[in-house]
1. Among the helices (runs of 4 or more DSSP H) lying completely within segment B:241-308, list those that include at least 2 residues that are among the hydrophobic types (A, V, I, L, M, F, W, C).
2. Have a look at B:Glu103, B:Glu98, B:Glu77 and point out the one that is among the charged types (D, E, K, R), farther than 13 Å from B:Thr164 by Cβ and open to solvent by less than 50 Å² (accessible area, probe 1.4 Å).
3. Any idea which residue in segment A:415-428 is most open to solvent (accessible area, probe 1.4 Å), counting only those that are farther than 22 Å from B:Thr27 by Cα and within 10 Å of chain B (Cβ to nearest Cβ)?
4. Can you pull out the residues in segment B:297-307 that are touching a Leu at 6+ places or on another chain (Cβ under 8 Å) and surrounded by fewer than 21 Cβ atoms within 10 Å (Cβ to Cβ)?
5. Taking segment A:335-356 only, how many residues are open to solvent by 30 Å² or more (accessible area, probe 1.4 Å) and in contact with a Ser or Thr (Cβ under 6 Å, 6 or more places away or on another chain)?
6. Restricted to segment B:245-273, and to residues that are open to solvent by less than 10 Å² (accessible area, probe 1.4 Å) and of a type in the set (S, T, N, Q), which residue is nearest to the other protein chains (Cβ to nearest Cβ)?
7. Give me the strands (runs of 3 or more DSSP E) completely within segment C:12-120, filtered to those with at least 1 residues that are open to solvent by less than 10 Å² (accessible area, probe 1.4 Å) and within 14 Å of another protein chain (Cβ to nearest Cβ), ordered by residue number.
8. Give me a count of the residues in segment A:88-106 that are touching a residue at least 24 places away in the same chain (Cβ under 8 Å) and more than 22 Å from B:Asp177 (Cβ to Cβ).
Amino acid sequence: MSKQVSTAIISALVPGLGQFLLGERYRGSGILIGFLLILATTLWYGQPLWYLSPLSIWLWNVWDAFHLALGRRHSVLLPLAFGLAAAYGIGWQVVEIDFSRANMERAIAILRPMTRPDFIQPRRELNQMWVPVEVPCSSQPPAARRDEGGRAAFVMPDCGRVSETLIVSVSGLWPNTATDIYWQTPIGNSLMLGEGEITMLTLPTDENGALTTTIRVPTTALVAAPDPTLPQFHRVYFEQSRPIGGYELSFIGSEVLKGALATVSMALMATGLAVLFAVPLSFLAARNLMSGNPLTYAIYLIVRTLLNILRSIESLIIAIVFVVIVGLGPFAGMLALALHSVAALGKLYSEVIEGIDPGPIEAIRATGANWLQVVRYAVIPQIIPPFTAFTIYRWDINVRSATVIGLVGGGGIGFLLIELIRVNNMRGVSAVFIAIAAIVIVLDYFSAKLRERLV
Amino acid sequence: MPLPRLLRNTLITALVIAAFVISYRVTEADFPRLLRDLPKGRELLTAFLTPDIVQRDLETRTISIAFPIPCGSAAVEDSPPSQGPRLVPGVNCAAPLEKFTLEGFDLQPNSEVVIRWRLPNERTMTAIRTQTDAKGYFRQEVQARPIQATVNGIPSRLEVDTLTPVGGLKPSQALKDVMDNMFVTIFMALLSTTLATLIAAPLSFLAASNITRKGCIGTAVYYAFRSFFNLMRSYDPLVMATVFGFWLSFGPFPGFLALTVVTIASLGKLFSEAVENIDPGPVEALQAVGAPSLHTVRYAVVPQVIPDFVSYIIYHWDINVRISTIIGFVGGGGIGYYLNLSINDFKWNQAGTAIWAIVIVVWMMDFLSAEVRKRLT
Amino acid sequence: MLRIQNVSKTYPNGTQALKNVSFDVADGEFLVVIGLSGSGKSTLLRCINRLIEPTEGKIVWDDVDITTASPAELRQIRRKIGMVFQQFNLVKRSSVLTNVLSGRLGYANPWASLLGIWPQEDKQRAMQALERVGIAEKAHSRADALSGGQQQRVGIARALMQDPKLILADEPVASLDPVLSHSILQYLEQLNKDGITVICSLHFLDLVHRYATRVVALKDGVKVFEGTPNEIDRAKFKEIYGEEAQEVRAASL
């Protein structure tokens, strides 16, 4: 049997083996590994169309083996293309990529409010007045009128049933100013009185600061009442506001600042806590210190493995566990970051210890110094700067992680973010995004500067 | 005037201590609570250490007896048979919340037992789980939980399922689901890294000072892309994923897009730094030859930056696999989504399976990417 | 004929690299520019093909004003001017052949060359250029696999691909051993004999004596001498290089 036929047959049985036997080791093993990977992928995915890819790679491999035996080398571009086509095709379907889902109108509806971050607002002065009204009517309803600070308001009649029309009137407010009129139930729920009860009823006052209009008792006024037949006092509110110059932090803005502080604090606490545990652990995980006898070597292996496992679990996953243990809030997030950082710092520290220059140790020992003196004068000076640099670096990373740890209930700015998204407050989301960028960029800059000075 | 060293150090120390005190209060640190609640964690840890990997098919057999609560509300069960599988309660009936013992005889040996209440309206309440011994016997204290258990003279029934493993071990459903979701995760990382590379590679030249920063427009373009990269890089992909998830609703697609956007910024920055670090000689030589600027980039810059680019791409694929394992927590699909579901359903063993899968995949990627990058340089 | 008229160059940081330099270069000359490091030799050479924009003055080559040429015209001019660099300026990771071919980019079809497709004719020309500098067998090696002398020969081959009428050589031998220096300069001399004008900046005076037909000397950006090599006597030498300078022979290093 000629050599090319036998090579082709070998490659047909085990892809790449023929090429391997001809001395093309990389080509042969590459074909085998690639073929098996693609085969496993397509089999797992299970759509028969994609079986074409491993099949064509296999056919090409036989053909290639045949030609290689004749001394002709072909480019591997073709099988690579087959493999990539299957990988990306399957990936496309698995990841459910569908750009038609990218609804631009919705994107604009999300992005437009984001151009006006809710961080500060013009300072406004509020002028508020209310009048009680009984719903439903009792036998002897008290007069629905109220005077306060030169302002007066009344409702006619003095009480009403749900959906009944009432006349409300107020005087002594600021003249010629838009006034919001709304309903407040006894438990403090505000209900709107405009069109369909989903818009605010807003009317201007006249030049004397007076206003009279009709309202309907909201249909939902008694929904939350324990007993809808029991007469209770509801309130009709009149509210005016006007700018008084200057700006102030909005409610969301102050929440964002609190979240930012919690985020940075979480990272700081976590890093501090992690350093306390990582430093002693790193000595146990340093090969050069621990390979002396079998017992210490066993400790080294255990510590190393534990650190490695812990390091590959994202702090976010650890955070979920801590949320279950200690409840929602920054404490859970901080503990998760700390635990993950112990692993990450422990590894970095131990590498520093493994990499120290033995020269100074020898030199100090040669002066007759004892073990403690050797550590103090030869080891610590060598490891302090890199330890500090790695710690700052870790703090930097922890700040970044702290921004997301709230997404699973770990507290900080991420928690605020997910709450704001849930209630579709995109102006608030935009403020959070600005705050995150500011925190990360500023801390990035400072940590880079600090590390530059240390190294 | 520089501060005296001692004063400066004291000041720094004071600041650091103040920062930690503030942080301690802000993070609501409560270490006693941690110590107190740590036993809860032990339960989780045991569950994680016994991931749900294999299962055996279970055969379920059910027997039940009528059990009136309170006594007299309905007829009690006739005296039980003295042979075969049977349930024998310590009392025939009970007042609500009264405790009594329940014994089972001649059930399936060595099986898991689920004891539950079946209410007259066919709803069930699981009471307790236990195990039969080698003779198929169990004894368990049960509380009469249903309060208004008898409706129109029909009593609640005490029902016992015995779950007997039959046949050999096989991969559990959880393992299959985990592998399916891991498949999505790995492809999410692969596709987002690829797309990000295709976009970031050309853009990075626009953000490289030695290529773009010439003239007014060039400088503007340079700063525009520079700041875009720096800004986008400061967001964790998960933060991005929340917004993309809000836009495109749930699934791996928004996760993929969020990952892509952040990777574009991150790779763009790394790439542009690689472009800035090239040897300027060949660029000068090609300008002297009279080559158009695009050709100068093609022949003098691109060959120099390819090894760096490849190294960064592999490094980022590694990172992206890691991130796509958790992007599901905020609606990004993949293994993170599965893990989140398992945890929300308190299925800790399933969660353990997912976590082990994540550890293994992340480890493998770490190792592979380090090996490949070592080869490249 | 290349006329350099009152050329000055001030860098943005205020350094005045050239001050009012004027001289003419006739076709077929081997003009050597000498001077200390930082005297403005490199700036002068780069002003000629406008890799550096002169601040003032005019450079006219065969009745074309280089200093006012538009970007498109400038590329037309540049492709007729070959340049050889002190650090060779090769793309180290590309093959020798690609490096040489890139000298043809001023002429090549813009789209095909962007994809790395070259006409057979250009490839043959590149092989001929490599044969001319004696390293044709290295065509498919990576540029960084070559020695310094070989790399500079690739640089010359790249310049040859341009069909240049003028070659600017900026310290072509400063990074090389003295022995290799002669071999590189001999190639340039050969090209000069074939009718290409050469403007070369050099450090060592003995090389100047051996190869130059005419010499221009710069000191602190000012032209301090113009004439034949033989006219440089001890006094002139001290004027150019300063009082403490000792003449060092390249061959003796």
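1. Working: elements: B:252-276, B:281-289, B:293-296.
Once the helices (runs of 4 or more DSSP H) in segment B:241-308 are filtered for at least 2 residues that are among the hydrophobic types (A, V, I, L, M, F, W, C), what remains is B:252-276, B:281-289.
2. On the way: B:Glu98 fails: open to solvent by less than 50 Å² (accessible area, probe 1.4 Å); B:Glu77 fails: open to solvent by less than 50 Å² (accessible area, probe 1.4 Å).
The unique qualifying residue is B:Glu103.
3. At the first step, the residues of segment A:415-428 found to be farther than 22 Å from B:Thr27 by Cα are A:421-428.
Among the residues that remain, those that are also within 10 Å of chain B (Cβ to nearest Cβ) are: A:421-422, A:424, A:426.
On the way: A:Ile421: 18, A:Arg422: 168, A:Asn424: 95, A:Met426: 6 Å².
Filtering first and then ranking leaves A:Arg422.
4. First, pick out the residues of segment B:297-307 that are touching a Leu at 6+ places or on another chain (Cβ under 8 Å): B:298-300, B:307.
If the condition is that a residue be touching a Leu at 6+ places or on another chain (Cβ under 8 Å) and surrounded by fewer than 21 Cβ atoms within 10 Å (Cβ to Cβ), then B:Arg298, B:Pro307 are the ones that fit.
5. 0
6. Ranking the qualifying residues of segment B:245-273, first place goes to B:Thr260.
7. The strands (runs of 3 or more DSSP E) meeting that bar are C:81-84.
8. Final tally of qualifying residues: 1.
The values are calculated or read from the model by the stated rules, or taken from the named source; none is laboratory data. Keep in mind that what you see is a predicted model, and the values were worked out from it rather than measured. Don't worry about glycine lacking a Cβ; one is built from the backbone with ideal geometry, like all the others, and counts go over all protein chains shown. These area figures cover heavy atoms from the full protein model, side chains too; ligands, DNA and RNA do not enter into them. Shrake-Rupley method; radii C 1.70, N 1.55, O 1.52, S 1.80 Å.
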